[in-house]
Amino acid sequence: MWQKRLLADTAAVAWQNGHGLTRIIAEDRAHTPPEWRLSVADILHDAPFSTFAGWKRLIALIGPGTLILHEKAGAWFHTLETCCKPYTFCGEDQVLSSCTNGAVQALNLMIRCPESVETNIEFVLHQTSFSIQSNEQEKKYYFLFPSTGGWTMQFKGTCSSVSRGSVWYCSSENMPDTTFIPKETGSSLYCIRI
């Protein structure tokens with residue numbers, strides 16, 4: 001069944017480089033070292049990102065704001081805004097970030113580079129109604145991060161309100177068929193399947 005956790009109730013830890021805070025939502029416990037890690041970062045000011053050699057990183061904003069990312073040597077530049085598809089970059093890249101309109105929250109999925117891991121992961125932005133059906137052949141984990149507006153989650157004759165500041169999660173082993181409906185125009189939600 002779906003479970004809810006408030007982001008505010010998740011302990012914040014310092015970034016590896018000491019320039020920010022992150023809340024670890026979940027990480028792979030089946031492998032040592034882990035093959036994936038999912039977290040939410042509070043980026044309060046312009047700061048460099050920590051480097052993670054051998055990892056791929058996917059990042060998106062949850063909530064309002066703008067975050068400008070650029071690789072220190074100038075190899076690439078990208079602007080993340082509200083309701084943006086996730087952006088992917090290499091963990092060893094030296095990335096500088098700029099919060100042009102104030103503090104932002106960023107959803108960060110890190111994956112060790114083997115293709116076997118990458119091909120089994122989805123990180124999708126939803127802005128219209130969608131459904132998740134529990135027909136997985138192998139165990140998967142689902143994580144939902146409301147970004148803007150509100151959503152209604154319907155399963156087994158029940159309705160729950162899904163709003164920003166929370167994460168909803170469930171494993172495919174005990175997940176009911178579920179439908180998500182935006183409550184207003186402009187609602188957005190990220191769904192990650194690992």
> What share of all Cα pairs of the chain, in percent, falls into each consecutive 5 Å distance bin?
Replying inline: 1, 7, 16, 20, 20, 17, 10, 6, 2, 0, 0
> Under the classification rounded if a/c is under 1.5, otherwise prolate if a/b is larger than b/c and oblate if not, where does the stretch 37-150 fall, given a ≥ b ≥ c as square roots of the Cα gyration tensor eigenvalues?
Replying inline: oblate
> What does the convex hull of the alpha-carbon atoms of the stretch 104-194 project to on average, in nm²?
Replying inline: 6.4 nm²
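Can you compute the charge dipole magnitude of the stretch 44-131 about its Cα centre, using +1 on each Lys and Arg Cβ and -1 on each Asp and Glu Cβ, nothing else charged? Give it in debye, rounded to the nearest 20.
Numbers: 5 positive and 8 negative charges, 15 e Å.
Using Cβ point charges on Lys, Arg, Asp and Glu, the stretch 44-131 gives about 80 debye.
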>> Just to make sure I understand: if all protein chains stay in place, what is the order of THR22, THR152, THR185 by accessible area at 1.4 Å, largest first?
In response: THR185, THR152, THR22
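Kindly state, to the nearest 0.05, the FRET efficiency for THR158 paired with ASP9, given R0 = 30 Å and r defined as their beta-carbon distance. The partial results should precede the final answer.
Values: r = 23 Å, r/R0 = 0.76.
Computed FRET efficiency for THR158 and ASP9 comes out at 0.85.
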> If you bin every alpha carbon distance in the stretch 1-89 into 10 Å steps from zero, what whole percent lands in each bin?
Replying inline: 13, 44, 35, 7, 0
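Once every DSSP H run of n ≥ 4 in the chain is given -39500 (n - 2.57) and the sum is divided by its residues, what mean residue ellipticity at 222 nm do you get, rounded to the nearest 500 deg cm²/dmol?
Working: 1 runs with 4 residues, N = 194.
Value at 222 nm, helices only: -500 deg cm²/dmol.
Measure off, as a whole percent, the carbon and sulfur share of the 1.4 Å-probe accessible area of the chain, all protein chains present.
50 percent
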> Taking K and R as +1 and D and E as -1, what net charge do the other residues with C-beta under 9 Å from the C-beta of ASN108 add up to?
Replying inline: +2
>> Treating only the Cβ of Lys, Arg, Asp and Glu as charged (+1, +1, -1, -1), what charge dipole size does the chain show about its Cα centre? Round to the nearest 20 debye.
In response: 380 debye
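Just to confirm, what accessible area per residue do you get for the stretch 93-194 at 1.4 Å probe, in whole Å²?
On the way: 4620 Å² over 102 residues.
Accessible surface, normalised per residue, equals 45 Å².
The values are calculated or read from the model by the stated rules, or taken from the named source; none is laboratory data. Being a predicted model, the structure only gives us computed values, none of them experimental. All Cβ positions, even for glycine, are placed from backbone atoms using ideal geometry, and neighbour counts span all protein chains on display. Just the protein is used for accessible areas: all its heavy atoms, side chains included, with ligands, DNA and RNA removed. Shrake-Rupley method; radii C 1.70, N 1.55, O 1.52, S 1.80 Å.
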